[in-house]
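Written below as structure tokens is the structure these notes are about.
The values are calculated or read from the model by the stated rules, or taken from the named source; none is laboratory data. The structure presented is a predicted model; accordingly, all values stated were derived computationally and were not measured. Here the Cβ positions follow ideal geometry from the backbone for every residue, glycine too, while neighbour counts run over all protein chains shown.
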Amino acid sequence: MKSLFDKINIGKIKMKNRLMRSATWENMADEDGYVTDRLIDTLEDLAKGGVGAVVSGCGYVTGEEQPNPGMTAIWDDRYIPGLKELSDRIHRHDTPIIFQCIYGGSRTTFNLGNRIIWGPSAVENPITKVIPQEMTVGNIHTLVKDFGQAARRAEKAGFDGFQIHAGHGYLFSQFLTPYYNRRTDEYGGSIENRSRIIIDTLKEVRAQVSDDYPIMIKINCSDFLDEDGFTLEESIQVAIELEKNGITAIEISGGNSLNGWQSGPIKDKIIKEEKQCYFSDYAAQIAEAVSVPVISTGGNRSVSLMEKKLNGSALTAFGISRVTHCEPDLPGRWQAGDHARPKCVSCNQCWHEDGNTCVLNRKS
């Protein structure tokens, strides 16, 4: 029988259990994207709390594109010393840390009017009402190179791995979704074409880091749209191509931003177990199609349910986030045998202009 608290390896990343802190926008970097003491302390609390690995929240990949305030930057070498301080602090607690990197695209309301926002096509985002500038093939090649350089910096800064964010309606996710991607060139149309920018990015990242450096990706299992969406069958096809091109592990999330934020990956009112682990069955189907580790993220908050899913599938690990906003020591409590229900009630009030933390722990 597999246990949630087995020691596992994801590539050369050694985890003390099967719980990965899934990347979350912390909103704690300074206005120029530099790491702050508060950000380090927050992520260090997670490492102290016993999680198997920490994925830092969505760092931005180019100086011109920052989808949210308080994000960590990795678009220039000058950010390496601060990032190194962060990774060193996490490593003090025998915990690996992975850097997640993102290009946000039109899923943003931050600093509009002062920057060019790219998209696969010039299609208005239904939530933000932002109409991006359709990327040229040259723009695509530039962004691919930018991700490669970001990965090089992450490795130099001591991070144990690099994760490409290709889910949740951000740019790479939009390339996969026909609603947003209406291109007629080699980056649009078939799923092979719509995923080309992601495969190109993986190849470039792989070329810029050590041969055995772990590269992960976060991707939707589906957009769950009746039409013009990215489907589970297509997600399986993309996962197979990612494995062929050297991905180390695949984190599965899901949802869409077309029908409002509540149709996305962060669902509320999931206290009952039947509402939890809401992407795990889809992730399990993807895990059956590939041999690399697959991590299921989304509503994971019950040890017994996660272990049931683990032993009934080829899943390797589970991503958790909101429950650790409230209780960063929850993984350690679980591993010590206390499997009581988390304090988090999935109210989705984590997000705040003064930093994204649990409302129960907020000082103001």
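Structural remarks
- Failed condition for residue 262, given (1) out of contact with any helix residue (DSSP H, G or I) (no Cβ under 8 Å at 6 or more places or on another chain); (2) modelled with pLDDT under 80; (3) surrounded by 17 or more Cβ atoms within 10 Å (Cβ to Cβ): (3)
- Among the candidates 20, 28, the residue that is modelled with pLDDT of 95 or more and outside any helix (DSSP H, G or I) is uniquely 20.
- Criterion (of a type in the set (Gly, Ala, Ser), modelled with pLDDT of 95 or more and farther than 21 Å from residue 250 by Cβ) met by exactly one of 346, 291, 302: 302
- Residue match in the range 206-221 (condition: of a type in the set (Lys, Arg), in contact with a helix residue (DSSP H, G or I) (Cβ under 7 Å, 6 or more places away or on another chain) and farther than 22 Å from residue 20 by Cα): no
- Scope the range 281-311; condition touching a Leu at 6+ places or on another chain (Cβ under 8 Å), assigned to a helix (DSSP H, G or I) and farther than 19 Å from residue 233 by Cβ; matching residues: 303, 306, 307, 309, 310
- Meeting the requirement of 1 or more residues that are closer than 27 Å to residue 47 by Cα and charged (D, E, K, R), the helices (runs of 4 or more DSSP H) wholly within the range 74-187 are 80-91, 137-156.
- Of the listed requirements (1) at positive phi; (2) within 17 Å of the chain's Cα centre (by Cα), residue 21 misses just one: (1).
- Some residue of the range 70-90 being within 30 Å of residue 305 (Cα to Cα) and either polar (S, T, N, Q) or buried (at least 20 other Cβ atoms within 10 Å of the Cβ) (or both): yes
- All positions within the range 198-227 that are under 24 Å from residue 157 (Cα atoms), of a type in the set (D, E, K, R), crowded, with 17+ Cβ neighbours inside 10 Å and in contact with a Gly (Cβ under 8 Å, 6 or more places away or on another chain): 204, 206, 218
- Within the range 57-69, the set of residues being surrounded by fewer than 24 Cβ atoms within 10 Å (Cβ to Cβ), in a strand (DSSP E or B) and under 16 Å from the mean Cα position of the chain (by Cα) comprises 60 only.
- Scope the range 232-259; condition part of a loop (DSSP other than H, G, I, E, B), at pLDDT 90 or above and over 19 Å from the mean Cα position of the chain (by Cα); matching residues: 245
- In the range 324-351, residue nearest to residue 57 (Cα to Cα) [restricted to those that are outside any helix (DSSP H, G or I) and of a type in the set (Gly, Ala, Ser)]: 346
- Identity of the residue in the range 6-17, outside any loop (DSSP other than H, G, I, E, B) and not polar (S, T, N, Q), that ends up nearest to residue 49 (Cα to Cα): 15
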